[in-house]
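All remarks here apply to the structure that follows.
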Amino acid sequence: VETPQSGRRKTVPTISEAEQQCEVITTALRDTPGVPEAAKDMLIAALRPCLSVTREKRHTFQHDIVGMANEALATIQKELETDIANKDAKLADSAGEKQRRGSATSEAKTKADDAETLEAQRLTAKTEAKETEKTKQAALAEAMKQEKSSLIQFEKVSAKKTSFESLVSTQLEPLKSAGGGKREISTLAKALGAFEGFDASLLQALSTVLAKPADQHSSFDQIVIKQLDEALSDVKGKLDAELEVVDADKMEKASSKDAAQEARNKAKEAYDNAHSDHQEAVEARAGAKKALQEAENAQNSYDADMREVASALDAANEALVTFKNGPVERFTCLRDKETPAEPAMEVTLPEEEVPAPAKDGVAEAAAE
């Protein structure tokens with residue numbers, strides 16, 4: 001081939017038969033399983049010069065390299081043979097595989113049905129738990145309402161009692177002791193009249209009795225004061241009793257509210273658990289449904305899968321034959337190649353000279 005620079009014909013070096021065979025071998029070594037690429041590169045680079053030397057001329061190191069290549073090729077062949085054996089076993093067990101796929105589908109169908117039933121049961125339980133929670137929530141709201149009402153009633157009675165006691169101590173007692181004006185007495189009588197238990201005639205009499213100091217009270221005034229004290233005591237007793245009742249009612253309503261709160265909390269916890277259980281069942285049902293679909297797909301694809309295995313087996317057998325007849329055979333040839341013996345050399349001996357017959361005179365002279 002001529003180039004523009006030199007104008008000379010450049011010859012491409014030919015590849016020897018040994019190099020061609022090494023190329024086939026090194027290409028196969030690239031498929032060695034479990035060996036890092038760097039190690040493959042090292043082996044392939046070192047193998048060419050080792051196989052270019054005949055067996056008896058190789059150095060010990062070269063024999064080691066050849067041994068490594070032999071081991072690598074044996075590993076590849078073993079992998080091919082194992083693959084064939086596995087595919088062969090699959091075809092041999094095709095009837096069993098078909099039965100297993102059918103059994104797997106039946107089992108998956110049963111699990112899917114069970115998961116669907118469980119999901120429905122837990123949905124019912126969740127719905128019931130929600131209704132219970134609503135009921136308990138309504139009961140809690142009512143209990144809180146009653147507690148609030150009882151508290152208002154207690155505060156009302158308590159304020160009434162406090163007002164009564166304040167009225168007696170701050171207004172009545174000073175008037176009983178020192179007397180007072182008509183207006184003060186009228187205000188007091190009106191305030192006392194707001195409490196049930198005071199006779200109207202008694203309240204009217206106060207305008208005369210309380211107008212005078214205690215030391216000026218007549219016997220009639222003292223009778224009025226005595227009746228007033230008794231009325232005051234009765235009113236106070238009624239207020240104390242009423243306060244005791246509303247206080248007890250307040251405590252009862254608070255206790256009922258606490259119980260309703262606890263019941264509502266338990267109902268909410270039960271609903272939360274039921275909701276979680278139902279969600280878990282929903283996911284389990286989805287998983288079972290997916291597993292059933294996969295099992296059915298596997299059962300339906302049985303014939304196609306077996307055909308694929310058979311086709312793959314044919315390809316694997318062909319690959320093994322190609323591997324044995326190609327890289328293995330060429331490697332074996334180069335590995336075991338010996339230097340041919342040199343042919344024996346033929347030695348040509350010179351021919352013995354025979355004297356020529358003499359002429360007559362000469363012969364006679366010789367005879368003499």
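Specify the residue that is least open to solvent (accessible area, probe 1.4 Å); the eligible residues are those in the range 66-95 that are basic (K, R) and under 14 Å from A310 (Cα atoms).
K87
Say we look at the range 183-198 and pick out the residues that are surrounded by 14 or more Cβ atoms within 10 Å (Cβ to Cβ) and of a type in the set (A, V, I, L, M); which of these is nearest to K238 (Cα to Cα)?
Here the answer is L192.
Do the conditions hold for A46, that is, is it open to solvent by 70 Å² or more (accessible area, probe 1.4 Å), small (G, A, S), assigned to a helix (DSSP H, G or I) and at pLDDT below 95?
Against the criterion (open to solvent by 70 Å² or more (accessible area, probe 1.4 Å), small (G, A, S), assigned to a helix (DSSP H, G or I) and at pLDDT below 95), A46 does not qualify.
Would you check if G180 is out of contact with any strand residue (DSSP E or B) (no Cβ under 9 Å at 6 or more places or on another chain), open to solvent by less than 60 Å² (accessible area, probe 1.4 Å) and without any contact (Cβ under 8 Å) to a residue 40 or more places away in the chain?
yes
Could you grab the pairs with beta carbons closer than 9 Å, sequence gap of 6+ or different chains, first residue in the range 233-261 and closer than 21 Å to A143 by Cα and open to solvent by 50 Å² or more (accessible area, probe 1.4 Å), second one assigned to a helix (DSSP H, G or I) and aliphatic (A, V, I, L, M)?
V245/V157; D247/V157; S256/A143; D258/A143; A259/A143; Q261/L140; Q261/A143; Q261/M144
Any residue in the range 20-44 that is closer than 15 Å to T75 by Cβ and of a type in the set (A, V, I, L, M, F, W, C) sitting within a Cβ distance under 6 Å of a residue that is at pLDDT 90 or above and in a loop (DSSP other than H, G, I, E, B)? List the pairs, counting only those 6 or more apart or interchain.
Nothing qualifies.
Keeping to the range 51-105, report how many residues are of a type in the set (A, V, I, L, M, F, W, C) and touching a residue at least 40 places away in the same chain (Cβ under 8 Å).
The number of residues fulfilling the criteria is 10.
Being under 30 Å from E133 (Cβ atoms) and at pLDDT below 95 is the filter here, so list the residues in the range 262-311 that pass it.
none
So is K98 within 27 Å of Q293 (Cβ to Cβ), open to solvent by 90 Å² or more (accessible area, probe 1.4 Å), charged (D, E, K, R) and within 44 Å of the chain's Cα centre (by Cα) or not?
Yes: the conditions hold for K98.
How many residues are of a type in the set (V, I, T) and free of Cβ contacts under 8 Å to residues at least 24 places away in the same chain if we restrict to the range 159-177?
Residues flagged as of a type in the set (V, I, T) and free of Cβ contacts under 8 Å to residues at least 24 places away in the same chain within the range 159-177 amount to 2.
Quickly run through the range 117-159 and pick out the residues that are open to solvent by 90 Å² or more (accessible area, probe 1.4 Å) and touching a helix residue (DSSP H, G or I) at 6+ places or on another chain (Cβ under 6 Å).
Passing the criteria: only M144.
Among the residues of the range 14-43, what is the count of those that are over 24 Å from K324 (Cβ atoms), open to solvent by 80 Å² or more (accessible area, probe 1.4 Å) and charged (D, E, K, R)?
Total satisfying the criteria: 1.
State all residues of the range 87-145 that are under 30 Å from K253 (Cβ atoms) and of a type in the set (V, I, T); if no residue qualifies, say none.
Correct list: T132, T135.
Anything in the range 285-311 that is free of Cβ contacts under 8 Å to residues at least 60 places away in the same chain and of a type in the set (S, T, Y)? List them, or say none.
S301, S311
The values are calculated or read from the model by the stated rules, or taken from the named source; none is laboratory data. A quick note: this is a predicted structure, and the numbers were derived from the prediction, not measured. Please note: Cβ atoms are built from the backbone with ideal geometry, for glycine as well, and neighbour counts cover all protein chains shown. Each accessible area value is taken on the protein alone, full model and side chains, heavy atoms only, with ligands, DNA and RNA left out. Shrake-Rupley method; radii C 1.70, N 1.55, O 1.52, S 1.80 Å.
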